[in-house]
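The values are calculated or read from the model by the stated rules, or taken from the named source; none is laboratory data. Values in this document were obtained by computation on a predicted structure and should not be read as measured data. Every residue, glycine among them, receives a Cβ derived from its backbone with ideal geometry; neighbour counts consider all protein chains shown. Heads up: the accessible areas ignore ligands, DNA and RNA and are worked out on the full protein's heavy atoms, side chains in. Shrake-Rupley method; radii C 1.70, N 1.55, O 1.52, S 1.80 Å.
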Amino acid sequence: MFDQPSNLAPQVETPVTTDHKITAENVNVHYGDTHAIKDVNVKIDDKTVTAFIGPSGCGKSTFLRCLNRMNDTIDICRVSGLIELDGEDINHAKVDPVQLRAKVGMVFQKPNPFPKSIFDNVAYGPRIHGQAANKAELDEIVEKSLRSAALWKEVKDRLHAPGTGLSGGQQQRLCIARAVATAPEVLLMDEPCSALDPIATAQVEELIDELRENFSVVIVTHSMQQAARVSQKTAFFHLGELVEFGETGQIFTNPHDSRTESYITGRIG
Amino acid sequence: MSLYLESPRTKKRNAAERRFQSYGLAAIAAALFFLVVLLGQIIGNGSGAFIQTRLTVPVTLDAAAIEKAEGSMMKTSGYRKLIVASLSAEMQAKGIEAELDSKAAKALLSSGAPNTLRQHVLANPADIGSTVTLKLAGSSRLDGYMKGRVTRESISDDKAITPAHLDLADELIGVGLLSKGFNWGFVTGNDASDLRPEQSGMGQSVLGSLAMMLVVLAVCLPISVAASIYLEEFAPKNKLTQFIEVNISNLAAVPSIVFGILALAAFIQFGGGTIGIEAFRASAPLVGGLALSLMTLPTIIIATRAALKAVPQSMRDAALGVGASKMQAVFHHVLPLAMPGIMTGTIIGLAAALGETAPLLLIGMVAFVQTDISGATSFFTDPNVGMPAQIYIWATRADGAWYERAWGGIILLLIFLACMNIVAILLRRKFERRW
């Protein structure tokens, strides 16, 4: 069907940099009998926004969930291959997924604030990780996180109001604040704007751009415009394979693989 | 076709809808009708148990007579004489000519009245030598006459009371010596022997049921919440857990009498007999509570698992995503959200346990309990009955007065249940997060 074996493509296209935050080699994921991810190789840079794009069911979310071992919670899911964070194998027997997830935060597709106050939502992570020595420090972390999620101005007078009472866009920014409160090194975002209106989406995108200064951000998105707007690197997934990975500008203007071209021009997906 | 006209298809569809709604209305109306009949019957038949006929008797406590009575074998018979003498004197003073012979006294006064007097004297020795006015219970026949259950026609074959006695009762009413009042004894008292329904009360069995409910709560809530959390959140989904799940559902459908005989074998015969655990003895509320716990556990486990299942996966993901451990995710987020559902399941289980009689029959909690329970340990281990068992005992007795008491017991049982529900609703309110 295609003239070159697709799993070789990413290795060829990945630019050589020394600043890799996450390295994935030959990652395979099986859901029961379904082979969901096939031999994915990818290198994610620090302080960069990496976008995963591809049609529905292509495995981009599944792969994202491998990066903080959220797939552990699914019984029938098996992950094989090597995923390294700063050179350490995250699937190593000695690694506690809890510690990993403190380093690799996640924002989900649907805003899912806890049914608690805004303050408690943001403070939950630092509390369970013991990151604040006292109330003043905790207050500071909460304020900093809400500021970095561009939510502080809107909620500073009602920190003890329920988080679920916010609008959809505010809730998603609250979830981002919650995720950055534990000071992660990587932030995974699984279609964070799919439930938001264009204004809230613009706010979150702006936010992602700011977060890049401190974190490595990996974002799964259905919107190619969004990938083009916010990311520096883009990976295109198709039927469980990583078809193409490279600089965002190159992927969108000069894709090397015909499937990538078909997708970004709207012929598949 | 005009929009103003119903097409034949629409007509049919609307008719079907109207028909369905009328079925629903009919079902609700029938349910309401039965509820009204049920409540009407219970209140109509049972309210009499809360009213007691009493004779007002100014008893002269003659020191010599009391000393003599206390010295004899049948202590109460001396007291009986005191009452009869005092009542006779009072009747004469009030101008009643009829004589109060011993047969009439027996027909009108409760056989428990002498003991009431004796208990008063023992509690207030200072009263000896003076005259105290006591309200003494009338006999069950007299009580029935006052409530309209006993009439001159209905006693034609009765050896215990004659129409002449009823005439005397009318005269006593006329001079104010005979009256009806609220029967606290029914709420606080113990069971009484076959011949003294007027002296019986539900109080003892209320304590028995309370003790059992506390045992059921203490046993079931922690076990079933722990089991549900493990099965729902931690257990691997394999053949073994599936087998356990199926069997929990099956257990919920096992007849309660099976749990009764299991409790008899496991707790009383094995635990109390073979191993020799002192507290595991027949008729003890502790054992009754454990038997009811066996029955209640599956119900609460099923409800708790449903409540845990209803918590959206996104809550778990959110907690795990910020680095909470599985246990933190469950205890900080899932369990609080499931709490109202767990409370509902628990109260349904407890209500079923409260009304259960069959297991109690098998472990001997149909005991005739005459003595009061005093200490805290004996509260759980002294022989007692449960409310439904007490009602069952009374319903098997012949006298019409017992029938009335059984209905009255049902009123108390329903009040007890209502109290339990109110507590559960208050707790649920407390746990419920409206956001």
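Here are the numbers for the structure shown:
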quantity	calculated
Heavy atoms of A:Ser194 accessible to a 1.4 Å probe, total area in Å² rounded to 10	70
Added length on full extension, which subtracts the Cα-Cα distance from 0.36 nm per residue, B:Thr162 to B:Ala65	31.9 nm
Heavy-atom accessible area order for A:Ile53, A:Ile128, largest first, 1.4 Å probe	A:Ile128, A:Ile53
Normalised alpha carbon radius of gyration of chain A [divisor 2.2 N^0.38 Å]	1.01
Separation between Cα centres of region B:296-323 and region B:105-177, rounded to whole Å	62
Reduction of at least 20 Å² in accessible surface, 1.4 Å probe, comparing all protein chains with the chain by itself, residues of region A:94-130	A:Val98, A:Arg101, A:Phe108, A:Asn112, A:Phe114, A:Pro115, A:Lys116, A:Tyr124, A:Ile128
Kyte-Doolittle mean at least -0.5, axial Cα span of 18 Å or more - DSSP H helices of chain B	B:8-46, B:75-93, B:203-229, B:239-252, B:285-309, B:335-354, B:400-431
Simple Cβ-charge dipole of the protein assembly as shown, Lys/Arg +1 and Asp/Glu -1, about Cα centre, in debye nearest 20	1560
Rh by Kirkwood over Cα pairs, then Stokes-Einstein D for region A:65-140 at 1.567 mPa s and 4 °C, µm²/s	89
Ellipsoid equivalent to chain B - semi-axes via the Cα gyration tensor, in Å	55, 32, 19
Charge-dipole axis of the protein assembly as shown as Lys and Arg at +1 and Asp and Glu at -1 on Cβ define it, positive-most pick from A:Ala150, B:Ala319, B:Ser200	B:Ser200
Extension reserve of the B:Ser22-B:Arg429 stretch, reckoned as 0.36 nm per residue once the Cα distance is removed	143.0 nm
Label point 7 Å beyond Cα of B:Thr131 along Cβ direction - residues of region B:46-86 with amide nitrogen under 11 Å	B:58-61, B:86
Heavy-atom accessible area per residue - region B:1-62, 1.4 Å, Å²	75
Helix-only CD estimate at 222 nm, as mean residue ellipticity for chain A, using -39500 (n - 2.57) per DSSP H run (n ≥ 4)	-10000 deg cm²/dmol
Normalised contact order of region A:19-264, rounded percent, pairs of Cα under 8 Å and 6 or more residues apart	28
Average accessible surface area per residue within region B:203-431, 1.4 Å rolling probe, Å²	43
Per-selection Rg to Rh, the protein assembly as shown - Cα, Kirkwood hydrodynamic radius	1.21
Rg ratio (alpha-carbon, reference 2.2 N^0.38 Å) - region B:50-182	1.05
Ranked packing of B:285-291, A:81-87, most packed first, by mean Cβ within 10 Å	B:285-291, A:81-87
With every protein chain in place, region B:50-182: carbon and sulfur % of accessible area (1.4 Å)	55
For region B:110-207: span of alpha carbons on each principal axis (Å, largest first)	44, 37, 23
Pair B:Val254, B:Val175: separation of 7 Å Cα→Cβ label points (nm)	6.5
Residue (of B:Phe186, B:Met212, B:Ser139) at the positive-pole extreme of region B:107-248, dipole from beta-carbon charges	B:Met212
Nearest-10 value in Å² for the accessible area of A:Arg147, using the 1.4 Å probe	130
Antiparallel DSSP beta bridges within the protein assembly as shown, as percent of all bridges there, nearest 5	70
Note, ³J(HN,Hα) from phi for region A:107-116, Karplus 6.51, -1.76, 1.60, rounded to Hz, x at Gly and Pro	10, 9, 4, 9, x, 10, x, 5, x, 9
Rounded accessible area of B:Tyr23 (nearest 10 Å², 1.4 Å probe)	150
Buried accessible area, chains A and B (both chains, 1.4 Å probe, Å² to nearest 100)	1900
